[in-house]
Amino acid sequence: MYQRIKPHLPQFLFYLVSGGSAAAIELTSYKVMLLLGIHYLVGAVLSSFLGLLSAFLFHKYFVFRKKEQVMNHAIRYIILQAWNIVAQTVIVFLIVDVAGSFAFVQAIFQPDALVGSLLSIEVFAKIASIGTTVSWNFLLYKYLVYV
């Protein structure tokens, strides 16, 4: 099995680095929006668009090195990302509003608790939602979007 995966490892590592950069843009913009008082779900969607635009450019031109078929790739990418935005928003909502209603989760994210002093439940939820979509995106990009 390793022999089948080995040729894709350098590209996958580059995908993780470029995706990490796009995630940093997304998380930073999300945190800024929260600080500006923007509702967490609105901020989640807006920051997703910023992260997705950067990820598209990084992945298309640097990871998969596909300089042609811009419109074709953009349309496929937009369709996949529409699904990802829905999935991420649902995950953020489930963590913040559903799981966040449980007393033990509230206790974890209290400002004086260890986790709560490092990040809010909204930021934790956004990180979890990004991690979920990253898990399926590499294969979808490689075999469906940038072909």
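Which one is modelled with the highest pLDDT among residues in the stretch 94-109 that are out of contact with any Phe, Trp or Tyr (no Cβ under 8 Å at 6 or more places or on another chain) and under 16 Å from G131 (Cβ atoms)?
So the residue we want is L94.
Taking the condition of being at pLDDT 75 or above and either over 20 Å from V32 (Cβ atoms) or loosely packed, with under 10 Cβ neighbours inside 10 Å (or both), how many residues in the stretch 110-122 meet it?
The number of residues fulfilling the criteria is 1.
Can we say Y15 is in contact with an Asp or Glu (Cβ under 7 Å, 6 or more places away or on another chain), surrounded by 13 or more Cβ atoms within 10 Å (Cβ to Cβ) and not β-branched (V, I, T)?
no
Here are the criteria: (1) among the β-branched types (V, I, T); (2) surrounded by 13 or more Cβ atoms within 10 Å (Cβ to Cβ); (3) more than 24 Å from L94 (Cα to Cα). Tell me which single one T28 does not satisfy.
(3)
Please verify whether R76 is charged (D, E, K, R) and either exposed (fewer than 12 other Cβ atoms within 10 Å of the Cβ) or under 15 Å from the mean Cα position of the chain (by Cα) (or both), treating the condition exactly as stated.
No: the conditions fail for R76.
State yes or no: is S54 more than 24 Å from V147 (Cβ to Cβ), part of a helix (DSSP H, G or I) and of a type in the set (S, T, N, Q)?
Spelling it out, it is not the case that S54 is more than 24 Å from V147 (Cβ to Cβ), part of a helix (DSSP H, G or I) and of a type in the set (S, T, N, Q).
Check M71 against each of (1) surrounded by 12 or more Cβ atoms within 10 Å (Cβ to Cβ); (2) in a helix (DSSP H, G or I); (3) at pLDDT 90 or above and name the one condition it does not meet.
(1)
Those residues that are farther than 20 Å from I91 by Cα and loosely packed, with under 13 Cβ neighbours inside 10 Å, I need them from the stretch 39-60; list them, please.
L57
Pull out all pairs, ordered by first then second residue, where Cβ-Cβ is under 6 Å, the residues are six or more apart or on different chains, the first lies in the stretch 15-29 and is at positive phi, and the second is exposed (fewer than 15 other Cβ atoms within 10 Å of the Cβ) and modelled with pLDDT of 95 or more.
Final answer for the pair search is none.
Does A44 satisfy being in a helix (DSSP H, G or I), at pLDDT below 90 and of a type in the set (G, A, S)?
Against the criterion (in a helix (DSSP H, G or I), at pLDDT below 90 and of a type in the set (G, A, S)), A44 qualifies.
The values are calculated or read from the model by the stated rules, or taken from the named source; none is laboratory data. Just so you know, these numbers come straight off a predicted model, no measurement behind them. Methodologically, a virtual Cβ is constructed for each residue, glycine included, from the backbone with ideal geometry; neighbour enumeration extends over all protein chains shown.
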